[in-house]
1. What distance in nm separates the two pseudo spin-label positions at Glu276 and Arg58, each 7 Å out from Cα along the beta-carbon direction?
2. For the chain, divide the Cα radius of gyration by the Kirkwood radius and give the resulting Rg/Rh value with two decimals.
3. Could you give the length gained on full extension between Val65 and His41, defined as 0.36 nm per residue of separation minus the Cα-Cα distance, in nm?
4. Starting with the highest mean, order 138-146, 70-78 by the number of other Cβ atoms within 10 Å, averaged over the residues of each peptide.
5. Can you tell me, using C-alpha contacts under 8 Å and at least 6 residues apart, the relative contact order of the chain as a whole percent?
6. Between Ala260 and Val287, what length comes free when the chain is fully extended (0.36 nm per residue of separation minus the Cα-Cα distance, one decimal in nm)?
7. Subtracting the Cα-Cα distance from 0.36 nm times the residue separation, let me have the gained length for Arg153 to Ala212 in nm, one decimal.
8. For Val224, what residues show an amide H to amide H distance below 5 Å, using hydrogens built from the backbone and excluding near sequence neighbours?
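What follows draws every value from the coordinates through simple rules; no lab data is involved. Every value quoted in this text rests on a predicted model; they were computed, and no experiment measured them. Every residue, glycine as well, gets a Cβ built from its backbone with ideal geometry; the counts of neighbours run over all protein chains shown.
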Amino acid sequence: MNTSRIALVTGANQGLGRALAEGLAARMRPEDLVLLTGRDHRRVTEAARETAGLPGTRARVEGRVLDVTDTEEIARLAEELRARYGGVDVVVSNAVTRLLPHESQAARADEFIDVSNTATHAVLRSFGPVLRPCGRLLVVASGLGTLGHLDPRLHPLFDGASLDQVEYAVESWRAAIHHNTAAEAGWPRWLNVPSKVAQVAAVRAVAAERRARDLADGTLVAAVCPGMVDTATSRPWFTDFSGARTPAEAARAVLDLVSAPQADPALYGELVRFGEALDWHGGRPLVEQDRLLTP
């Protein structure tokens, strides 16, 4: 059996994903491999080369082109890593679509949902089965991913749902946007809220099925909230960045979960922020954000 550890980060060309790949490369061993992935070949190649050349880098770093909106491509990569290395040890699903406040949320919905949700489902389905013992399967979400941020009418779609049911809820939301019935059904205009709730619900669904055997072998499946991160994606949405972290600072708490020698059962299947599990039923609908958006 190959003793090298294999790590993969999606959306790793820049921002938090780049910082996560850099941090993994610095914390892992020389015989380990970090796969830095993204959609653009030039940017992936450049980011991997630069990361490999950083003074603190210890592990090998390779760039891989991966379009997370192509679920078959995700499945092929998972199978390739299973065949070549016997599986993977760390998977961080981080890809996100940049969306600006002045853009129509409805017009960008398909792209946003495909990258944030359909891809998350595919990563969980494809990489969950090839995750090796003591592995880490993490989905980057946000504090908006708690159920209370949605209209109570929508809670039954996600609370205690299976992954199939979460997928159905996401596609129902997408259809409601296209049919202009989303507001009537209680869906917020701001895509980020239902998208993040669905990401966390998907993690919870997969974790519920795997919990016993994962905790027995030290494996962690969780959603993670890095807090406010000062990136090109988040900066247009906020006026006060005094409390924001740099990507490297935000990556640290996520990397600590990866590096922890033991998987904390209290964090398994939860949305974790700075080492603490957030209340799944917490939060409240963000009405003001909807008012500020372009229809």
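1. 3.0
2. 0.95
3. 8.1 nm
4. The packing order, highest mean first, is 138-146, 70-78.
5. RCO, the chain: 20 percent.
6. Computed gain between Ala260 and Val287 is 5.9 nm.
7. Working it through step by step, the gained length comes to 18.1 nm.
8. Val139, Val140, Ala141, Val272
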